[in-house]
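This report refers to the structure that appears directly beneath it.
The values are calculated or read from the model by the stated rules, or taken from the named source; none is laboratory data. Because the structure is a prediction, the values reported are computed rather than measured. All Cβ positions, glycine included, derive from the backbone under ideal geometry; neighbour counts span all protein chains shown.
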Amino acid sequence: MNNKKQDEILKKLKKYHETDFSFSKGQILGSMCTQPLPIAKKAYNLFLETNIGDPKLFPGSKEIEEKYLFFLKKLLNAPEKSQGIIGSGGTESNISAVWLAKRLNPSKKELILPKSAHFSFKKIASIMDVRLVYIKLDKNYQMDIKEAKKKINSKTLGVIGIAGTTELGVIDPITELSDICQKENVFLHIDAAFGGYIIPFLQKLGYKAPDFDFKNPGVCSITIDAHKMGCSAIPLGSLMVRNREWLKKISVDTPYISSPKQPGILATRSAAPVAAAYAVAKYLGVKGYTNLVEKCMNNTFYTVKRIEEIGLGLVTDPVMNIIAIKLKNPARIVNHLTKQGYKINKIEKLSAARIVFMPHVTKQVIDKFIPVFRKVCNETGEI
Ligand SMILES: *Cc1c(COP(=O)(O)O)cnc(C)c1O
């Protein structure tokens, strides 16, 4: 081994990495991702040389995956006969969910979803023979239920409800959607990529958060990401389906690897992020996650107060640890903040900018950020 050459390469890589914005330096305030917990990093490194796509070669890894899915099953109140599949994130889980709905109802094409849906559904419509039927939002930025009900017809492939929208963290009226879809016998998928790791803990803390999970009998599948509020390492998201038999519909024969059939999209995939997510679940448990969410919510409300003191307002009251600040010119503010070393996300269509109170966005980070934000707002004529 040529150590000198390796050192040179690593030095160059470090230089590149230094130009990245960083969670730990408190620069990233608009992302739904965060630093993996230290235990997640250690678990990840242990499993670098694994491939759960070939499970009989890595039975230990496979067992960890089953244990992690069992944790999710309990978290989501999934029935005994449910089954999860693990993939790269929310996008992949949403693709698999619509793929499943399509295989259960091959002749149907129309996917009903709120205007607040994540852009992954645009990719889905581009990949599959699916037409997106967008439903307007009501005054609370939730999917308009009456409108959704009206749009269900014999061509309806499925309905998408969002539990924690990407822009505002809003939860659609899932219980009502569940009733409607059960009555109409339509597939209901819940995109809880972000909210899946928050809502169960908000409920434990006594926040007004509706049941979004399999407690609603009409819910057929749920997307949930460990690499967002799960505080684990990228890439990891899961799709939980109500009936494991359904997975046969999205499985193919895999004659030359160690399992006869494989569901989902990926083949080769690492056990590293799975081990990381499992390690965090074991380490934090429900109690640890609840404490974490409590901190994030406290920081959210603390910041709302500080923003109001500046004389700015929100698009809507926070439902979870996301706020959207109303601005005259969000792009200009975001650009100015970038120059000051801060990253928040603009939402042009709401004329707002988003802050996500992930665990790395601590009170200290906020206290450093607010004066900079105020100065930028002052200089650009926002306030
Ligand atoms: C983040 C997010 C996604 C996409 O997930 P990725 O892990 O980025 O692929 C989908 N839906 C919602 C609601 C999200 O917040």
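Scanning segment 26-45 for any residue that is touching a helix residue (DSSP H, G or I) at 6+ places or on another chain (Cβ under 8 Å), in the same structural domain as ILE124 (by TED's automatic domain parsing) and farther than 30 Å from ILE322 by Cα turns up at least one such residue.
Can you say whether LYS349 is in contact with a helix residue (DSSP H, G or I) (Cβ under 9 Å, 6 or more places away or on another chain) and either among the hydroxyl-bearing types (Ser, Thr, Tyr) or over 19 Å from ASN298 (Cβ atoms) (or both), as far as the supplied structure shows? So LYS349 fails the test.
LYS56 meets the conditions (1) under 26 Å from GLY169 (Cα atoms); (2) assigned by TED's automatic domain parsing to the domain that holds ILE199; (3) assigned to a loop (DSSP other than H, G, I, E, B) in every case but one. The failed one is (1).
Conditions tested, residue by residue: (1) modelled with pLDDT of 95 or more; (2) surrounded by fewer than 24 Cβ atoms within 10 Å (Cβ to Cβ); (3) not in a loop (DSSP other than H, G, I, E, B).
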{"site": "LYS146", "(1), (2), (3)": "yes, yes, yes"}
{"site": "LYS150", "(1), (2), (3)": "yes, yes, yes"}
{"site": "LEU157", "(1), (2), (3)": "yes, yes, yes"}
{"site": "THR165", "(1), (2), (3)": "yes, no, no"}
{"site": "LEU177", "(1), (2), (3)": "yes, no, yes"}
{"site": "LEU188", "(1), (2), (3)": "yes, no, yes"}
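Considering VAL365, VAL315, the condition of being in contact (Cβ under 8 Å) with a residue 60 or more places away in the chain, closer than 22 Å to GLY230 by Cα and surrounded by 15 or more Cβ atoms within 10 Å (Cβ to Cβ) is satisfied by VAL365 alone. Screening the candidates ASP7, ASP54, ASP20 for the property of being over 30 Å from ASP138 (Cβ atoms), more than 16 Å from the ligand (Cβ to nearest atom) and buried (at least 17 other Cβ atoms within 10 Å of the Cβ) yields one hit, ASP54. Just a yes or no: is a residue in segment 247-256 modelled with pLDDT of 95 or more and within 16 Å of the ligand (Cβ to nearest atom)? No, every residue in segment 247-256 fails to be modelled with pLDDT of 95 or more and within 16 Å of the ligand (Cβ to nearest atom).
Within segment 78-96, restricting attention to residues that are touching a Leu at 6+ places or on another chain (Cβ under 9 Å) and more than 11 Å from the ligand (Cβ to nearest atom), which residue is farthest from ILE250 (Cα to Cα)? Out of the qualifying residues, it is ALA78.
On inspection, ILE234 fails the criterion of being of a type in the set (A, V, I, L, M, F, W, C), within 16 Å of the ligand (Cβ to nearest atom), outside any helix (DSSP H, G or I) and within 26 Å of LYS81 (Cβ to Cβ).
Condition test on ILE199, is it farther than 20 Å from GLY87 by Cβ and either assigned by TED's automatic domain parsing to the domain that holds HIS360 or within 16 Å of the ligand (Cβ to nearest atom) (or both)? Criteria met by ILE199. Scanning for something in contact (Cβ under 8 Å) with a residue 40 or more places away in the chain and part of a helix (DSSP H, G or I), does segment 335-344 turn up at least one residue? Looking through segment 335-344, at least one residue is in contact (Cβ under 8 Å) with a residue 40 or more places away in the chain and part of a helix (DSSP H, G or I).
Residues of segment 117-130 being over 18 Å from CYS181 (Cβ atoms) and at pLDDT 95 or above, which ones? Selection gives HIS118, PHE119, SER120, LYS122, LYS123, ILE124, ALA125, SER126, ILE127, MET128.
Annotation for segment 310-322: at least one member residue is part of a helix (DSSP H, G or I) and either of a type outside the set (A, V, I, L, M) or out of contact with any Phe, Trp or Tyr (no Cβ under 7 Å at 6 or more places or on another chain) (or both). Within segment 209-228, if we keep just the residues that are touching a Phe, Trp or Tyr at 6+ places or on another chain (Cβ under 8 Å) and outside any strand (DSSP E or B), the residue that is nearest to the ligand (Cβ to nearest atom) turns out to be LYS228.
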